[in-house]
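**Q** Can you keep this structure in mind? I'll have questions shortly.
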There are 4 protein chains.
Amino acid sequence: MAGSTYGNIFRITTWGESHGKALGVVIDGCPAGLELEEADIQRYLDRRKPGVSRIATPRKEEDTVEILSGVFEGRTTGTPISLMVRNTSQRSGDYGEIASCYRPGHADYTFDKKYGFRDYRGGGRSSGRETVGRVAAGAVACKILEALGVRICAYTRSIGPVEADMEKFDEMAIRETLTAMPDCEADAAAVTCLEQARMERDSLGGCMECVVEGLPAGIGDPVFEKLDANLAKAIMSIGAVKAVEIGDGCRVSRSRGSENNDAFRMEEGRTVKTTNHAGGILGGISDGDTVRIRAYVKPTPSIFRTQQTVNRTGEETELNIRGRHDPVIVPRAVVVMECMTAITVLDAMLLNLSARMDCVIKFYRKEE
Amino acid sequence: MAGSTYGNIFRITTWGESHGKALGVVIDGCPAGLELEEADIQRYLDRRKPGVSRIATPRKEEDTVEILSGVFEGRTTGTPISLMVRNTSQRSGDYGEIASCYRPGHADYTFDKKYGFRDYRGGGRSSGRETVGRVAAGAVACKILEALGVRICAYTRSIGPVEADMEKFDEMAIRETLTAMPDCEADAAAVTCLEQARMERDSLGGCMECVVEGLPAGIGDPVFEKLDANLAKAIMSIGAVKAVEIGDGCRVSRSRGSENNDAFRMEEGRTVKTTNHAGGILGGISDGDTVRIRAYVKPTPSIFRTQQTVNRTGEETELNIRGRHDPVIVPRAVVVMECMTAITVLDAMLLNLSARMDCVIKFYRKEE
Amino acid sequence: MAGSTYGNIFRITTWGESHGKALGVVIDGCPAGLELEEADIQRYLDRRKPGVSRIATPRKEEDTVEILSGVFEGRTTGTPISLMVRNTSQRSGDYGEIASCYRPGHADYTFDKKYGFRDYRGGGRSSGRETVGRVAAGAVACKILEALGVRICAYTRSIGPVEADMEKFDEMAIRETLTAMPDCEADAAAVTCLEQARMERDSLGGCMECVVEGLPAGIGDPVFEKLDANLAKAIMSIGAVKAVEIGDGCRVSRSRGSENNDAFRMEEGRTVKTTNHAGGILGGISDGDTVRIRAYVKPTPSIFRTQQTVNRTGEETELNIRGRHDPVIVPRAVVVMECMTAITVLDAMLLNLSARMDCVIKFYRKEE
Amino acid sequence: MAGSTYGNIFRITTWGESHGKALGVVIDGCPAGLELEEADIQRYLDRRKPGVSRIATPRKEEDTVEILSGVFEGRTTGTPISLMVRNTSQRSGDYGEIASCYRPGHADYTFDKKYGFRDYRGGGRSSGRETVGRVAAGAVACKILEALGVRICAYTRSIGPVEADMEKFDEMAIRETLTAMPDCEADAAAVTCLEQARMERDSLGGCMECVVEGLPAGIGDPVFEKLDANLAKAIMSIGAVKAVEIGDGCRVSRSRGSENNDAFRMEEGRTVKTTNHAGGILGGISDGDTVRIRAYVKPTPSIFRTQQTVNRTGEETELNIRGRHDPVIVPRAVVVMECMTAITVLDAMLLNLSARMDCVIKFYRKEE
């Protein structure tokens, strides 16, 4: 139970380290009969690849996915789908120094305390490359959700001091801008900030947001398996995320009941809310409105300044990190947020199939 | 899997509705040999009881706990500990109107959409009374953690616009103030605000914080079962919480790597951090520093103003909520946050026992 | 994870000791909308009660069940159903001697080794009374299965040397005979054997069988969650069961492929098997035929002869068991087998709802 | 939750089909610091390979394992261990006919009913090749158990009518005989039987046994997670197993309490049993004695006689199976039984680390 399995019905198990032979994921519990090919997954992996841009690391990660099992004649069979990406561009030599000393803001020290030693090459299992498996599995979840009429979209809300203007929301921009912002002007300003930070051998944090549209009311469970609780876990489990908000998030603490309550009304025969402070979830269960989640991401801990730290033998020392590191994590984490949200929402939808006796009876009596 | 079970090794299952016969919890996996009596648990339940104060609801909830199993001759036996609290003060008559129409900000609508109908008395399973089981189980977790040298403390950071001044932190005040604030002056100001809100038939939100001290480094798992991810789930699963922060939380998005990285240094032969922006967790694993979590709580949705809503048959209607409702949720939720944190941290500590071969070998070879 | 939770979707958690205040079970994940009242459950509990007969213990166990939560206006709400039975007839005085020494064939020694001590009153958690919770939960599972057209029936196949003649199978006899045999003649012979054994201060073992009818093909999962694997666990988890067979069971080891293979043929437009050596399960998945499971139960370990044993302080000693003990376990275990089978089969049926994309799409697209 | 994950702390997830690109397993929760190399695993995989013998299939399966993650500098890191075996010798052409019709005794029909279609090449996921992942993971479990002083050994008890004589038990013979019997004479007789069966275009069943030695008392949990219950599931989940016995197994049904009870006595300061009818488990918890499990395996369903069956479109038809099939399953299943037993026992031992407060306190207080 080292924690690499996630989900109940749609259950994923990821594996692999930054500089190991390969990374991958096994998806167990994917419904049978979904059309699936490698291109469906590659599309998502390509979104987490570092670009050739000014702001991203110049590493060339091919990240070509291979479907090893669970798909036959172009459709999922209901048995485990094993997806693998071979590591190809590791340059282990760059990471020599971190074998013996603890990088501030990284998991080097905590891994050593837990396990007694660690795979220090490129962060090993705590590297951002660990998300390759999440994204590969998330691509499958997204494809299923699409067939169910549920659409998930994540983007960058802010980088450092620069916020996207949501009034100018442009979905096309998300895929086209370097920052994954839905606002080209903010993107340009953020890129300037990032170049400045890089020149100062520093890094920036940011905020990303994910919206789920088309989710029917009634998804999620009361008490511990609330949809928002599971989303909070899913998103907080992405490295570098330090805060998660649902709907109005932190702002509710300064709101009043009369402002924060979303009134219900009828619209074309359906119950809707006049506002959506709740972010689409009431009592842990979706209310049919847009689900809205935000995550706050810390600045890249690998900076090119001299840092004070200690080494494995308990001596204070100075550390100078070399290698290739993005000055901001957010743009590449956006697709990871989208994927973790998709897996969480899909799992809740599959669990929900057994919520009512009448539906269970209809399923089995119809089969006859 | 309706979501009323939480934890892996120390696993709790809560049950009960606001106006049912009783509420309770079954704790499975509690280590054998812990001294435990009802008074240990009652102490925590008393902290979530509404007071006789001006700001709290005038309901009289006795909430007397009964240990039904799992304790023999004053010690836990290793088998399930069943704890029950009988409901005694329900006045179902007060809740007649909400049987047919959906209260804004509540789970009435979403329960109906999920299950087809609901126990509408006092919110049923989505009532704040559901936390009785969490608190009873958390009391046991806290007692175990104490024996392991881990101490957990939660308190109110803010109510509406009033923030506690952490420079004046006074732990005694937490238990003595009406608001569970660690600052008597802020408490007085918050009470004034609450009285004002109540006069205006409105309610306030707030923020609560929980700190974990004495937690050794190495607790938590990489990837999905990160300690912070599990804390986020645990705390977000408390009704009305809309945001969770670890360490600096949202602020990291505007911080720079050079500010946010906590440098390591040696102190009395131990590795420590010079700052604690990380909130005691790096890469999902505790780093030996204080763990710090904040939760943002929405204003009580039950307000005494006329609200627009719809009823079960799809007609728009006006709702006037009656009954007894606190104008703020935070003060009574503080102990719930403490308990959910305790359960989560304890479970991670018990899982951690098998992290290393040398420890496993020592355990079994010593037994010989 | 002390092992008192069972099932994935329909998930039960039992608690309670032989001589504690009460025993019970929490059912989480029961679909909403099932009509349920205490009488539905009491009927099953009454079947595990000791009779007033010559062969059963003269204890008077009332075992009156109380529904504490999860049912509103006569229907399940989808939230946890808490069921409790108060203990009323404990005579702890009878059990003084076993506090300090280990009864052969019982779990006294193993509990002490695991937990350091034990609740020795009446066997504590390892008593047959632990099955009260299983039976209460199983009654609910059976009621759901009935609505789905699945029928489960368990009975005694043999007691000591006396076997029921399956040619004379009489379902009424199961409930009416002292031995729960479906054959009145065999019942009479078995009762004679039991009286003889009791006179000799000895006890007998036996065999019980359970059949599941009306189960559609396609239930169960490949690999680890095979339907037969889960049934084996469920049945072997009943105290005193030492062997489990599916279909032809042990006999397959001496069969040949040409005999053991069940040929397929068409009957009224449906695929059926000409024989059922497989016991209704192929590759871990139900094939639409009758599922048949047998369990072999050891003789009651509490016998009234002087036995050699050791005590807690490591001294050899002689033990004379007093109290009230049935000379055979099987007749009262039959309903437990029926209930564990029902819970297992129901859980597999609920899990199966998400097996195919087309069914998932139909469920959610129809909702619109 | 398609059922390809097994275990709680030491948790394995297998994937792969008979004729897919590869098969494999991910082990999550393996303690860090175990020395591990591919040769440790290859040794076990070689035992499940078909030989060049007269009785086994002439297929050449190389089954070369590759460690893809979780091992660094020759030791496990505590993170997921991904093991893969590429498929190399598939001849899909042989399996054309079974695409459209249902082989008796196989899972073809039940897979189609569950999932709507299936990967028909060589049985797909229901093929015996699925056990490659189990054996690879089991090899790791065995290595850990060895370090803990626990030794597991499985062998063939009988094939068709030929039983090994346990008086002549010869451990070396297990690895050397074609049948994995611990008795060379019985092996010779069994081989003759198998040749006869093959000439008659038929197949034989058999029985295999597994013993666990050195397991300390106190392993396993009461109620549902009994050690014997989990072993029953683990072993019954191996394809073709139709019955599982613990200790005396079925024979207990005809035993008397005075015979079946194992008396306790002292030996060299330790509590031991004078007999072991219980098979080393009392009340679901190990008693320190040898654990003994037996499994009964059906005859290979793929026989070379004409069989009656139906096809996918619901027509009756005749089937003639071609290809390469062993006339008995047992000899190659022996190592699978050993591995599933090892995984189950190890997982119970790791869970047991948190059973007692004093041990938990010692672990964490010593760390300081």
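The values are calculated or read from the model by the stated rules, or taken from the named source; none is laboratory data. Small disclaimer: the values here were computed from a predicted structure and weren't measured. All Cβ positions, even for glycine, are placed from backbone atoms using ideal geometry, and neighbour counts span all protein chains on display. For accessibility, only protein heavy atoms count, side chains too; no ligands or nucleic acids. Shrake-Rupley method; radii C 1.70, N 1.55, O 1.52, S 1.80 Å.
**Q** Quick one: what pairs do we get from segment D:66-82, first residue modelled with pLDDT under 95, second open to solvent by 10 Å² or more (accessible area, probe 1.4 Å) and assigned to a loop (DSSP other than H, G, I, E, B), C-beta under 6 Å, 6+ apart or different chains?
**A** Here the result reads none, with nothing in segment D:66-82 linked to a residue that is open to solvent by 10 Å² or more (accessible area, probe 1.4 Å) and assigned to a loop (DSSP other than H, G, I, E, B).
**Q** Filter segment A:163-186 for residues that are basic (K, R) and farther than 21 Å from A:V297 by Cα and give the result.
**A** Result: A:K168, single match.
**Q** Here is a list: C:A263, C:A295, C:A232. Which entry is within 27 Å of D:G123 (Cα to Cα), of a type outside the set (K, R) and within 18 Å of the chain's Cα centre (by Cα)?
**A** None of the others qualify; the one that does is C:A232.
**Q** So the check is Cβ under 7 Å with 6+ separation or different chains; which pairs have a first residue in segment B:264-287 that's touching a residue at least 40 places away in the same chain (Cβ under 8 Å) and a second one that's open to solvent by 10 Å² or more (accessible area, probe 1.4 Å) and among the β-branched types (V, I, T)?
**A** Filtered contacts from segment B:264-287: B:G280/B:T290.
**Q** Residues that are of a type outside the set (S, T, Y), facing chain C (nearest Cβ under 8 Å) and part of a strand (DSSP E or B): does segment D:337-360 have at least one?
**A** Among the residues of segment D:337-360, at least one is of a type outside the set (S, T, Y), facing chain C (nearest Cβ under 8 Å) and part of a strand (DSSP E or B), which makes the answer yes.
**Q** So B:G279 passes all but one of these: (1) more than 23 Å from A:E245 (Cα to Cα); (2) part of a loop (DSSP other than H, G, I, E, B); (3) facing another protein chain (nearest Cβ under 8 Å). Which condition number does it fail?
**A** All conditions pass for B:G279, except number (1).
**Q** While we're on this one: So A:G116 fits all but one of (1) within 25 Å of A:I246 (Cα to Cα); (2) surrounded by fewer than 21 Cβ atoms within 10 Å (Cβ to Cβ); (3) of a type outside the set (S, T, Y); what number is the exception?
**A** Of (1) within 25 Å of A:I246 (Cα to Cα); (2) surrounded by fewer than 21 Cβ atoms within 10 Å (Cβ to Cβ); (3) of a type outside the set (S, T, Y), only one is false for A:G116: (1).
**Q** Mind listing whichever residues of segment A:249-270 are open to solvent by 20 Å² or more (accessible area, probe 1.4 Å) and assigned to a helix (DSSP H, G or I)?
**A** A:C250, A:R251, A:R254, A:S258, A:E259 - these are the residues of segment A:249-270 that are open to solvent by 20 Å² or more (accessible area, probe 1.4 Å) and assigned to a helix (DSSP H, G or I).
**Q** I'd like the full set of residues that are in a loop (DSSP other than H, G, I, E, B), farther than 16 Å from B:K49 by Cβ and more than 7 Å from chain C (Cβ to nearest Cβ), limited to segment B:74-88.
**A** B:G74
**Q** Turning to a different aspect of this structure: What are the residues in segment B:121-141 that are open to solvent by 10 Å² or more (accessible area, probe 1.4 Å) and away from chain C (no Cβ under 14 Å), if any?
**A** Selection gives B:G128, B:T131.
**Q** How many residues does segment A:171-212 hold that are open to solvent by less than 80 Å² (accessible area, probe 1.4 Å), more than 30 Å from A:R305 (Cβ to Cβ) and more than 14 Å from chain B (Cβ to nearest Cβ)?
**A** Here the count works out to 8.
**Q** Would you call B:L282 at pLDDT 95 or above, touching a strand residue (DSSP E or B) at 6+ places or on another chain (Cβ under 7 Å) and hydrophobic (A, V, I, L, M, F, W, C)?
**A** So B:L282 does not fit the description; no.
**Q** Restricting to segment A:290-341, what's the tally of residues that are free of Cβ contacts under 8 Å to residues at least 24 places away in the same chain and of a type outside the set (S, T, N, Q)?
**A** Of the residues in segment A:290-341, 4 are free of Cβ contacts under 8 Å to residues at least 24 places away in the same chain and of a type outside the set (S, T, N, Q).
**Q** Still on this structure, please answer the following. Specify which of the listed residues (A:A229, A:A243) is in a strand (DSSP E or B) and either on the phi < 0 side of the Ramachandran plot or open to solvent by 10 Å² or more (accessible area, probe 1.4 Å) (or both).
**A** Checking each option against the conditions leaves just A:A243.
**Q** Looking for something within 18 Å of C:R157 (Cα to Cα) and crowded, with 23+ Cβ neighbours inside 10 Å - is there at least one such residue anywhere in segment C:213-221?
**A** So far as segment C:213-221 goes, no, none of its residues is within 18 Å of C:R157 (Cα to Cα) and crowded, with 23+ Cβ neighbours inside 10 Å.
**Q** Could you identify the single residue in A:I303, A:I343 that is closer than 24 Å to A:D221 by Cβ and either open to solvent by less than 10 Å² (accessible area, probe 1.4 Å) or at pLDDT 95 or above (or both)?
**A** The unique qualifying residue is A:I343.
Listed here are the residues, each with its yes/no results for (1) closer than 20 Å to D:T300 by Cβ; (2) out of contact with any Pro (no Cβ under 8 Å at 6 or more places or on another chain); (3) not aliphatic (A, V, I, L, M).
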position	(1), (2), (3)
D:E318	yes, yes, yes
D:G323	yes, yes, yes
D:P331	yes, yes, yes
D:V345	no, yes, no
D:V360	no, no, no
D:R365	no, yes, yes
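Quick grid of which residues meet (1) open to solvent by 40 Å² or more (accessible area, probe 1.4 Å); (2) farther than 30 Å from C:G280 by Cα; (3) at pLDDT 95 or above:
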| position | (1), (2), (3) |
| --- | --- |
| D:I9 | no, yes, yes |
| D:S18 | no, no, no |
| D:K21 | yes, yes, yes |
| D:S92 | yes, no, no |
| D:G96 | yes, no, no |
